[in-house]
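Only one structure is covered here, and it is reproduced in the block below.
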Amino acid sequence: MKILVLVKVVPDTYKSRALSLETGLADRNAEDAVLDEIGERALEVALAHADAHTGTEVVVLAMAPELAQASLRKALAMGASAAVQVTDERLVGADVVLTAQVLAAAARHLGFDLLVAGNASTDGSGGAVPAAMAELLAVPCATSLSEVELTEAAVTGTRVTEGAALRIEAPLPAVISITEALPDARLPSFKGIMAAKKKPLDAMALDDLDVDPDATDAARSIMIAVRERPPRTAGVKIVDSGDAGARLADFLVENRLA
């Protein structure tokens, strides 16, 4: 079985993040680039299955700039068999539609039995890429799973909603996305770190995938304006001198909160 794991390299959430006022894109550098935690959990799902089933191939797939290579090496150190990085200057600022098109083309090129992704990244939080990829690949899609069971023929999982817990099953090949209810990812071992240096980390570009980012028949979104977030100001303090209730009501009405 071949499992593709979709990961994303994002700015470290433990450090301050900022948007470029010129491009509207997040400022990124190699020092602050890390694997998204939900992507690591998705990788753990695949690795756990590989641990119990010999012959399982786990390949990490990412659309990321060159600075992401160190993060992808971490995925290899955790246990992935190989990593594939789609990188192209024309993908800077790609929206959900273009991202899904590129990653679906890469998945089709690589071949897979199951594609595992996180339900939403910590930077964009769009949550639409796995489902969009499944549509483009014409395979079943099961999203936001909090439990995953995998056999040679199908994938089964649980999706918890506000009113019910749903059991979902899809035949392979399929695309699934998982939530943070799945276990934490394992830490790379020293042996894994050393082995990662010899594992393949292949690069692909748009020309390799036959995807035209300027195609006129594809929806594209662009940033039309960006401005710095205004500094926080002190709030209004109401001291009760017998009329606090009325003053509070006036404040709510004035700020359209009531």
Take A128 and S189, extend 7 Å from each Cα along the Cα→Cβ direction, and tell me the distance between the two endpoints in nm. 4.3 nm
Site A205, offset 7 angstrom along Cα→Cβ, radius 11 Å on amide nitrogen, limited to the stretch 67-99, gives 87-90
Find how much the distance from R90 to H53 grows on full extension, using 0.36 nm per residue of separation minus their present alpha carbon separation; answer in nm with one decimal. 9.4 nm
Per-residue Cβ contact counts at 10 Å, fewest first, order S20, S81 as S20, S81
Given 16 as the ceiling on other Cβ atoms within 10 Å, longest exposed-site-free region of the chain for GluC sites (Glu not before Pro) in DSSP loops: 23-151
Mind checking the full-extension length gain between A258 and A165? Use 0.36 nm per residue of separation minus the Cα-Cα distance, one decimal, nm. 29.9 nm
Report, in listed order, any pair from K15/K197; K15/K199; K15/K198; K74/K198 with a Cα-Cα distance greater than 24 Å. K15/K197; K15/K199; K15/K198
How big is the dipole moment of the stretch 2-209 about its Cα centre under a simple scheme where the beta carbon of each Lys and Arg is +1, that of each Asp and Glu is -1, and everything else is neutral? Debye, nearest 20, please. 480 debye
According to a simple spin-label model (label point 7 Å from Cα along Cα-to-Cβ), what is the distance in nm between V239 and A18? 3.8 nm
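Bear in mind these aren't lab numbers, they're just calculated from the coordinates by the rules spelled out. Note that the structure is a prediction, hence the values are computed from the model and not measured. Don't worry about glycine lacking a Cβ; one is built from the backbone with ideal geometry, like all the others, and counts go over all protein chains shown.
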